[in-house]
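Participant: Sharing a structure below in C-alpha coordinates format, with a few things to ask.
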Amino acid sequence: MYAAVVHALGQQPRYESVAEPAPAAGEVVVEVLAAALYPLVRSFASGGHYTGGDALPLVPGFDGVGRTTAGELVYIPGLEPPHGTMAERVAVPAAALMPVPEGLDPVAVAAAMNPASAAWIALRERARLLRGETVLVLGATGNAGRAAIQLALDQGAGAVVAAGRDERALRAATELGAHRTVVLGGPDEEVAAAFGAAAAGADIVLDYLWDRPAELALDGILRHRADLTRTLRWVQVGSAAGADMTLPSAWLRKADVSVFGSGLGSISGARRNAALRDLLERLPDLAPTTEAVAVPMAEVEAAWASPVRSGARLVFVPAGGDTEAFGPWEALKGREAV
Ligand SMILES: NC(=O)c1ccc[n+]([C@@H]2O[C@H](COP(=O)([O-])OP(=O)(O)OC[C@H]3O[C@@H](n4cnc5c(N)ncnc54)[C@H](OP(=O)(O)O)[C@@H]3O)[C@@H](O)[C@H]2O)c1
(Lines give C-alpha, C1' and ligand atoms only; values in the text may rest on other atoms or scores of the structure.)
Protein backbone atom coordinates (compact mmCIF):
# COMPACT_ATOMS: atom_id res chain seq x y z
CA MET A 1 0.00 0.00 0.00
CA TYR A 2 1.01 3.68 -0.23
CA ALA A 3 1.48 6.23 2.54
CA ALA A 4 3.06 9.61 3.29
CA VAL A 5 6.44 8.92 4.93
CA VAL A 6 8.62 11.38 6.86
CA HIS A 7 12.30 10.40 6.78
CA ALA A 8 13.79 13.47 8.51
CA LEU A 9 12.03 15.40 11.30
CA GLY A 10 10.73 18.73 10.03
CA GLN A 11 10.95 17.68 6.36
CA GLN A 12 7.87 17.13 4.20
CA PRO A 13 6.80 13.49 3.73
CA ARG A 14 7.25 11.51 0.51
CA TYR A 15 4.51 9.35 -1.02
CA GLU A 16 5.91 5.82 -0.93
CA SER A 17 5.11 2.14 -0.89
CA VAL A 18 5.08 0.78 2.69
CA ALA A 19 4.19 -2.51 4.40
CA GLU A 20 0.53 -3.27 5.07
CA PRO A 21 -0.51 -2.64 8.71
CA ALA A 22 -0.17 -5.66 11.02
CA PRO A 23 -3.10 -5.46 13.47
CA ALA A 24 -2.33 -6.52 17.05
CA ALA A 25 -4.88 -8.31 19.24
CA GLY A 26 -8.03 -6.19 19.46
CA GLU A 27 -7.13 -4.12 16.42
CA VAL A 28 -8.84 -3.99 13.04
CA VAL A 29 -7.68 -2.68 9.67
CA VAL A 30 -9.48 0.45 8.49
CA GLU A 31 -9.35 1.91 4.98
CA VAL A 32 -8.53 5.62 5.35
CA LEU A 33 -10.77 8.02 3.40
CA ALA A 34 -9.55 11.39 4.72
CA ALA A 35 -6.77 12.65 7.02
CA ALA A 36 -6.29 16.36 7.78
CA LEU A 37 -3.08 18.37 8.12
CA TYR A 38 -3.08 20.78 11.09
CA PRO A 39 -0.62 22.16 13.68
CA LEU A 40 -0.56 18.99 15.85
CA VAL A 41 0.21 16.80 12.82
CA ARG A 42 3.06 19.10 11.76
CA SER A 43 4.30 19.16 15.34
CA PHE A 44 4.46 15.33 15.56
CA ALA A 45 6.17 15.22 12.15
CA SER A 46 8.82 17.69 13.30
CA GLY A 47 9.45 15.85 16.60
CA GLY A 48 8.27 18.92 18.48
CA HIS A 49 5.03 17.77 20.13
CA TYR A 50 4.90 17.47 23.92
CA THR A 51 3.56 13.91 23.74
CA GLY A 52 5.55 12.78 20.69
CA GLY A 53 8.90 11.09 20.12
CA ASP A 54 11.49 11.16 17.39
CA ALA A 55 11.21 7.67 15.86
CA LEU A 56 11.82 7.60 12.10
CA PRO A 57 10.59 6.92 9.53
CA LEU A 58 7.06 7.94 10.50
CA VAL A 59 3.70 8.13 8.77
CA PRO A 60 2.09 11.43 9.82
CA GLY A 61 -1.60 12.02 10.48
CA PHE A 62 -3.27 11.95 13.90
CA ASP A 63 -6.97 11.35 13.27
CA GLY A 64 -9.12 10.72 10.23
CA VAL A 65 -12.19 9.17 8.72
CA GLY A 66 -12.21 5.66 7.32
CA ARG A 67 -14.28 2.65 6.41
CA THR A 68 -14.15 -0.72 8.16
CA THR A 69 -14.15 -4.01 6.25
CA ALA A 70 -17.82 -4.26 7.30
CA GLY A 71 -18.50 -1.02 5.39
CA GLU A 72 -19.07 1.23 8.42
CA LEU A 73 -17.98 4.88 8.16
CA VAL A 74 -15.86 5.58 11.25
CA TYR A 75 -13.84 8.31 12.91
CA ILE A 76 -10.30 7.29 13.93
CA PRO A 77 -9.71 9.42 17.03
CA GLY A 78 -5.94 9.51 17.25
CA LEU A 79 -2.91 7.46 16.23
CA GLU A 80 0.43 8.50 17.61
CA PRO A 81 3.67 8.30 15.59
CA PRO A 82 5.10 6.39 13.84
CA HIS A 83 1.88 4.85 12.40
CA GLY A 84 -0.34 7.81 11.47
CA THR A 85 -3.45 8.11 9.33
CA MET A 86 -1.85 9.41 6.12
CA ALA A 87 -1.83 5.89 4.68
CA GLU A 88 -4.23 3.83 2.60
CA ARG A 89 -4.91 1.54 5.55
CA VAL A 90 -4.24 1.66 9.31
CA ALA A 91 -4.56 -0.73 12.25
CA VAL A 92 -6.78 0.73 14.99
CA PRO A 93 -8.07 -0.73 18.28
CA ALA A 94 -11.63 -1.77 17.40
CA ALA A 95 -12.95 -0.25 20.63
CA ALA A 96 -11.57 3.18 19.69
CA LEU A 97 -13.52 3.53 16.43
CA MET A 98 -16.47 5.93 16.48
CA PRO A 99 -19.40 5.88 14.06
CA VAL A 100 -19.71 8.92 11.78
CA PRO A 101 -23.33 10.02 11.46
CA GLU A 102 -25.05 9.26 8.16
CA GLY A 103 -24.80 11.89 5.45
CA LEU A 104 -21.60 13.56 6.62
CA ASP A 105 -18.79 13.97 4.10
CA PRO A 106 -15.54 12.23 5.22
CA VAL A 107 -13.36 15.13 4.04
CA ALA A 108 -15.47 17.72 5.87
CA VAL A 109 -15.47 15.62 9.07
CA ALA A 110 -11.70 15.11 8.90
CA ALA A 111 -11.23 18.89 8.52
CA ALA A 112 -13.68 19.77 11.28
CA MET A 113 -12.81 17.38 14.08
CA ASN A 114 -9.50 18.77 15.34
CA PRO A 115 -10.56 22.42 15.62
CA ALA A 116 -14.02 21.53 16.88
CA SER A 117 -12.76 19.03 19.45
CA ALA A 118 -10.27 21.58 20.81
CA ALA A 119 -13.15 23.88 21.75
CA TRP A 120 -15.57 21.12 22.71
CA ILE A 121 -13.19 19.52 25.21
CA ALA A 122 -11.89 22.86 26.55
CA LEU A 123 -15.42 24.19 27.12
CA ARG A 124 -17.17 21.06 28.37
CA GLU A 125 -14.47 19.01 30.07
CA ARG A 126 -12.05 21.66 31.28
CA ALA A 127 -13.80 25.02 31.76
CA ARG A 128 -17.22 23.43 32.32
CA LEU A 129 -19.10 26.27 30.65
CA LEU A 130 -22.36 27.28 32.34
CA ARG A 131 -25.33 28.69 30.45
CA GLY A 132 -25.13 32.46 30.04
CA GLU A 133 -21.40 32.79 30.74
CA THR A 134 -19.12 35.10 28.74
CA VAL A 135 -16.31 33.47 26.75
CA LEU A 136 -13.29 35.29 25.32
CA VAL A 137 -11.75 33.44 22.35
CA LEU A 138 -8.14 34.55 22.15
CA GLY A 139 -7.09 33.70 18.61
CA ALA A 140 -10.56 33.66 17.08
CA THR A 141 -9.55 33.90 13.42
CA GLY A 142 -7.97 30.44 13.00
CA ASN A 143 -9.80 27.17 12.45
CA ALA A 144 -9.82 26.34 16.16
CA GLY A 145 -10.91 29.86 17.13
CA ARG A 146 -13.81 29.94 14.67
CA ALA A 147 -15.01 26.56 15.90
CA ALA A 148 -14.74 27.88 19.46
CA ILE A 149 -17.08 30.79 18.72
CA GLN A 150 -19.62 28.45 17.17
CA LEU A 151 -19.45 25.83 19.90
CA ALA A 152 -19.44 28.31 22.79
CA LEU A 153 -22.72 29.73 21.46
CA ASP A 154 -24.07 26.26 20.70
CA GLN A 155 -23.32 25.17 24.28
CA GLY A 156 -25.09 28.13 25.85
CA ALA A 157 -22.57 30.97 26.24
CA GLY A 158 -24.36 34.27 26.84
CA ALA A 159 -21.72 36.35 25.05
CA VAL A 160 -18.60 35.62 23.02
CA VAL A 161 -15.72 38.05 22.54
CA ALA A 162 -13.42 37.32 19.58
CA ALA A 163 -9.81 38.51 19.54
CA GLY A 164 -7.38 38.24 16.61
CA ARG A 165 -4.94 40.26 14.55
CA ASP A 166 -6.71 40.06 11.19
CA GLU A 167 -9.56 42.59 11.05
CA ARG A 168 -11.13 41.04 7.97
CA ALA A 169 -11.19 37.61 9.63
CA LEU A 170 -12.64 39.18 12.78
CA ARG A 171 -15.59 40.37 10.71
CA ALA A 172 -16.18 36.70 9.85
CA ALA A 173 -16.07 36.00 13.60
CA THR A 174 -18.89 38.50 14.06
CA GLU A 175 -20.87 36.73 11.34
CA LEU A 176 -20.43 33.50 13.31
CA GLY A 177 -22.11 35.23 16.25
CA ALA A 178 -19.32 36.88 18.27
CA HIS A 179 -20.82 39.81 20.16
CA ARG A 180 -17.66 41.94 20.47
CA THR A 181 -14.17 41.89 18.93
CA VAL A 182 -10.67 42.94 20.01
CA VAL A 183 -8.06 43.67 17.33
CA LEU A 184 -4.51 42.64 18.26
CA GLY A 185 -1.37 44.23 16.90
CA GLY A 186 -1.72 47.87 17.98
CA PRO A 187 0.24 49.56 20.80
CA ASP A 188 0.17 47.45 23.99
CA GLU A 189 -1.77 50.03 26.04
CA GLU A 190 -4.50 50.23 23.40
CA VAL A 191 -4.82 46.47 23.06
CA ALA A 192 -5.00 45.97 26.85
CA ALA A 193 -7.63 48.73 27.09
CA ALA A 194 -9.62 47.09 24.30
CA PHE A 195 -9.60 43.81 26.24
CA GLY A 196 -10.75 45.73 29.31
CA ALA A 197 -13.64 47.29 27.40
CA ALA A 198 -14.76 44.12 25.62
CA ALA A 199 -13.96 41.30 28.03
CA ALA A 200 -13.63 42.60 31.62
CA GLY A 201 -16.62 40.45 32.56
CA ALA A 202 -15.34 37.26 30.94
CA ASP A 203 -15.89 34.00 32.81
CA ILE A 204 -13.78 31.83 30.51
CA VAL A 205 -10.83 32.55 28.20
CA LEU A 206 -10.10 29.98 25.50
CA ASP A 207 -6.51 30.83 24.69
CA TYR A 208 -5.11 29.63 21.35
CA LEU A 209 -2.28 32.19 21.32
CA TRP A 210 -0.45 32.60 24.68
CA ASP A 211 2.63 34.91 24.75
CA ARG A 212 2.10 38.70 24.39
CA PRO A 213 -1.60 38.57 23.40
CA ALA A 214 -2.33 36.56 26.57
CA GLU A 215 -0.33 38.97 28.74
CA LEU A 216 -2.26 41.95 27.35
CA ALA A 217 -5.61 40.21 27.65
CA LEU A 218 -5.09 39.22 31.30
CA ASP A 219 -3.77 42.68 32.18
CA GLY A 220 -6.67 44.42 30.44
CA ILE A 221 -9.33 42.16 31.97
CA LEU A 222 -8.01 42.43 35.53
CA ARG A 223 -7.50 46.20 35.36
CA HIS A 224 -11.13 46.72 34.37
CA ARG A 225 -12.88 43.87 36.21
CA ALA A 226 -15.60 45.13 38.53
CA ASP A 227 -15.46 42.13 40.89
CA LEU A 228 -11.99 40.62 41.15
CA THR A 229 -13.30 37.74 43.29
CA ARG A 230 -15.43 36.51 40.40
CA THR A 231 -13.55 33.47 39.02
CA LEU A 232 -11.84 33.78 35.65
CA ARG A 233 -11.13 30.31 34.13
CA TRP A 234 -8.24 30.64 31.70
CA VAL A 235 -7.89 27.59 29.45
CA GLN A 236 -4.56 27.33 27.64
CA VAL A 237 -5.31 25.46 24.37
CA GLY A 238 -2.69 26.58 21.86
CA SER A 239 0.41 28.71 21.51
CA ALA A 240 0.19 30.13 18.00
CA ALA A 241 1.77 33.42 19.14
CA GLY A 242 4.54 31.88 21.26
CA ALA A 243 5.34 29.10 23.73
CA ASP A 244 5.96 31.29 26.80
CA MET A 245 4.37 34.22 28.61
CA THR A 246 5.18 36.28 31.68
CA LEU A 247 2.70 35.74 34.49
CA PRO A 248 3.23 38.37 37.22
CA SER A 249 2.60 36.73 40.60
CA ALA A 250 0.50 39.69 41.76
CA TRP A 251 -2.12 38.91 39.11
CA LEU A 252 -2.83 35.58 40.80
CA ARG A 253 -3.15 37.24 44.23
CA LYS A 254 -5.20 40.25 43.28
CA ALA A 255 -7.97 38.28 41.56
CA ASP A 256 -9.54 34.83 41.42
CA VAL A 257 -7.81 33.49 38.32
CA SER A 258 -7.58 29.79 37.50
CA VAL A 259 -5.10 28.91 34.75
CA PHE A 260 -5.13 25.39 33.30
CA GLY A 261 -4.67 23.65 29.97
CA SER A 262 -6.64 21.55 27.54
CA GLY A 263 -4.66 19.09 25.44
CA LEU A 264 -3.86 15.44 24.94
CA GLY A 265 -2.40 15.08 28.43
CA SER A 266 -4.99 17.02 30.41
CA ILE A 267 -7.84 14.49 30.46
CA SER A 268 -7.97 10.70 30.42
CA GLY A 269 -8.30 8.88 27.11
CA ALA A 270 -11.69 7.54 28.22
CA ARG A 271 -13.06 11.04 28.90
CA ARG A 272 -11.59 12.39 25.66
CA ASN A 273 -13.16 9.58 23.64
CA ALA A 274 -16.55 10.06 25.31
CA ALA A 275 -16.37 13.77 24.48
CA LEU A 276 -15.44 13.05 20.86
CA ARG A 277 -18.40 10.66 20.50
CA ASP A 278 -20.72 13.40 21.79
CA LEU A 279 -19.19 15.90 19.37
CA LEU A 280 -19.63 13.55 16.39
CA GLU A 281 -23.33 13.28 17.25
CA ARG A 282 -23.58 17.09 17.39
CA LEU A 283 -21.74 17.68 14.08
CA PRO A 284 -24.71 17.22 11.70
CA ASP A 285 -26.43 20.23 13.32
CA LEU A 286 -23.43 22.55 13.00
CA ALA A 287 -22.48 24.50 9.87
CA PRO A 288 -18.82 23.85 8.93
CA THR A 289 -16.46 26.61 10.10
CA THR A 290 -13.42 25.00 8.44
CA GLU A 291 -12.93 25.12 4.67
CA ALA A 292 -11.80 21.62 3.71
CA VAL A 293 -9.46 21.37 0.72
CA ALA A 294 -9.15 17.77 -0.48
CA VAL A 295 -5.74 16.78 -1.88
CA PRO A 296 -4.72 13.45 -3.44
CA MET A 297 -2.33 11.80 -0.97
CA ALA A 298 0.06 11.21 -3.87
CA GLU A 299 0.68 14.98 -3.84
CA VAL A 300 1.54 15.13 -0.13
CA GLU A 301 5.14 16.28 -0.64
CA ALA A 302 4.24 19.41 -2.63
CA ALA A 303 1.05 20.15 -0.68
CA TRP A 304 2.77 19.92 2.73
CA ALA A 305 5.17 22.72 1.81
CA SER A 306 2.72 24.92 -0.13
CA PRO A 307 1.16 28.05 1.29
CA VAL A 308 -2.59 27.61 1.55
CA ARG A 309 -5.23 30.28 1.98
CA SER A 310 -5.59 31.25 5.64
CA GLY A 311 -8.56 29.39 7.07
CA ALA A 312 -8.37 26.50 4.62
CA ARG A 313 -7.38 23.07 5.85
CA LEU A 314 -5.72 20.43 3.67
CA VAL A 315 -7.23 16.97 3.86
CA PHE A 316 -5.37 14.10 2.22
CA VAL A 317 -7.42 11.55 0.32
CA PRO A 318 -5.89 8.21 -0.79
CA ALA A 319 -5.96 7.07 -4.43
CA GLY A 320 -9.49 6.41 -5.61
CA GLY A 321 -10.91 9.02 -3.24
CA ASP A 322 -13.46 11.66 -4.16
CA THR A 323 -11.86 13.48 -7.13
CA GLU A 324 -14.83 15.87 -7.28
CA ALA A 325 -13.35 17.58 -4.25
CA PHE A 326 -9.92 18.20 -5.78
CA GLY A 327 -10.81 21.46 -7.51
CA PRO A 328 -9.83 23.87 -4.74
CA TRP A 329 -6.38 22.30 -4.32
CA GLU A 330 -5.73 22.58 -8.06
CA ALA A 331 -6.63 26.26 -7.81
CA LEU A 332 -4.39 26.83 -4.79
CA LYS A 333 -1.32 25.11 -6.21
CA GLY A 334 1.63 27.43 -6.57
CA ARG A 335 -0.22 30.47 -5.26
CA GLU A 336 0.79 32.64 -2.37
CA ALA A 337 -1.41 32.46 0.71
CA VAL A 338 -4.00 35.24 0.73
N1 LIG B 1 -4.87 21.63 22.73
C2 LIG B 1 -5.64 21.24 21.75
O3 LIG B 1 -6.46 20.35 21.92
C4 LIG B 1 -5.55 21.94 20.42
C5 LIG B 1 -6.37 21.53 19.35
C6 LIG B 1 -6.34 22.25 18.15
C7 LIG B 1 -5.45 23.32 18.01
N8 LIG B 1 -4.63 23.63 19.04
C9 LIG B 1 -3.67 24.73 18.91
O10 LIG B 1 -4.39 25.95 18.74
C11 LIG B 1 -3.64 26.84 17.92
C12 LIG B 1 -4.48 27.27 16.74
O13 LIG B 1 -4.79 26.13 15.96
P14 LIG B 1 -5.63 26.26 14.59
O15 LIG B 1 -6.02 24.91 14.20
O16 LIG B 1 -6.66 27.31 14.72
O17 LIG B 1 -4.50 26.82 13.62
P18 LIG B 1 -4.72 27.71 12.31
O19 LIG B 1 -6.01 27.40 11.67
O20 LIG B 1 -3.46 27.53 11.54
O21 LIG B 1 -4.80 29.19 12.85
C22 LIG B 1 -3.75 29.79 13.54
C23 LIG B 1 -4.28 31.10 14.09
O24 LIG B 1 -3.29 31.67 14.93
C25 LIG B 1 -3.20 33.06 14.60
N26 LIG B 1 -1.87 33.57 14.96
C27 LIG B 1 -0.68 33.04 14.66
N28 LIG B 1 0.30 33.79 15.19
C29 LIG B 1 -0.30 34.83 15.83
C30 LIG B 1 0.16 35.94 16.57
N31 LIG B 1 1.47 36.16 16.76
N32 LIG B 1 -0.75 36.82 17.08
C33 LIG B 1 -2.07 36.61 16.89
N34 LIG B 1 -2.58 35.56 16.16
C35 LIG B 1 -1.69 34.69 15.67
C36 LIG B 1 -3.44 33.09 13.12
O37 LIG B 1 -3.82 34.40 12.77
P38 LIG B 1 -3.69 34.95 11.26
O39 LIG B 1 -4.81 34.30 10.50
O40 LIG B 1 -3.80 36.41 11.43
O41 LIG B 1 -2.31 34.50 10.77
C42 LIG B 1 -4.60 32.11 13.00
O43 LIG B 1 -5.80 32.75 13.35
C44 LIG B 1 -2.37 26.09 17.53
O45 LIG B 1 -1.34 26.43 18.44
C46 LIG B 1 -2.76 24.63 17.72
O47 LIG B 1 -1.64 23.80 17.96
C48 LIG B 1 -4.67 22.97 20.23
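Participant: Can you pull out every residue in the range 120-141 that is part of a loop (DSSP other than H, G, I, E, B), open to solvent by less than 30 Å² (accessible area, probe 1.4 Å) and within 14 Å of the ligand (Cβ to nearest atom)?
Facilitator: Correct list: Gly139, Ala140.
Participant: I would also like to ask the following. Any idea which residue in the range 43-66 is nearest to His7 (Cα to Cα), counting only those that are surrounded by 15 or more Cβ atoms within 10 Å (Cβ to Cβ) and of a type in the set (Phe, Trp, Tyr)?
Facilitator: Going through the qualifying residues, I end up with Phe44.
Participant: Out of all the residues in the range 148-156, is one or more near the ligand (Cβ under 10 Å from one of its atoms), open to solvent by 20 Å² or more (accessible area, probe 1.4 Å), at pLDDT 95 or above and in a helix (DSSP H, G or I)?
Facilitator: no
Participant: Name the pairs whose Cβ atoms lie under 7 Å apart, with the first residue in the range 239-253 and more than 23 Å from Thr229 (Cα to Cα), the second of a type in the set (Asp, Glu) and open to solvent by 70 Å² or more (accessible area, probe 1.4 Å), and 6 or more positions between them or separate chains?
Facilitator: The qualifying pairs do not exist here.
Participant: Is it fair to say Ser266 is in contact with a strand residue (DSSP E or B) (Cβ under 8 Å, 6 or more places away or on another chain), buried (at least 17 other Cβ atoms within 10 Å of the Cβ) and closer than 18 Å to Arg126 by Cβ?
Facilitator: Considered against the rule, which asks whether it is in contact with a strand residue (DSSP E or B) (Cβ under 8 Å, 6 or more places away or on another chain), buried (at least 17 other Cβ atoms within 10 Å of the Cβ) and closer than 18 Å to Arg126 by Cβ, Ser266 comes out as yes.
Participant: Report those strands (runs of 3 or more DSSP E) wholly inside the range 1-97 carrying at least 2 residues which are touching a Lys or Arg at 6+ places or on another chain (Cβ under 6 Å).
Facilitator: Output list reads 27-36.
Participant: Which condition number in (1) assigned by TED's automatic domain parsing to the domain that holds Arg230; (2) in a helix (DSSP H, G or I); (3) not charged (D, E, K, R) is the one that Leu279 fails?
Facilitator: (1)
The values are calculated or read from the model by the stated rules, or taken from the named source; none is laboratory data. Not measured: the values here are computed from a predicted model. Note: ideal-geometry Cβ built from the backbone for every residue, glycine included; neighbour counts use all protein chains shown. Accessible surface areas use protein heavy atoms only, side chains included; no ligands, DNA or RNA. Shrake-Rupley method; radii C 1.70, N 1.55, O 1.52, S 1.80 Å.
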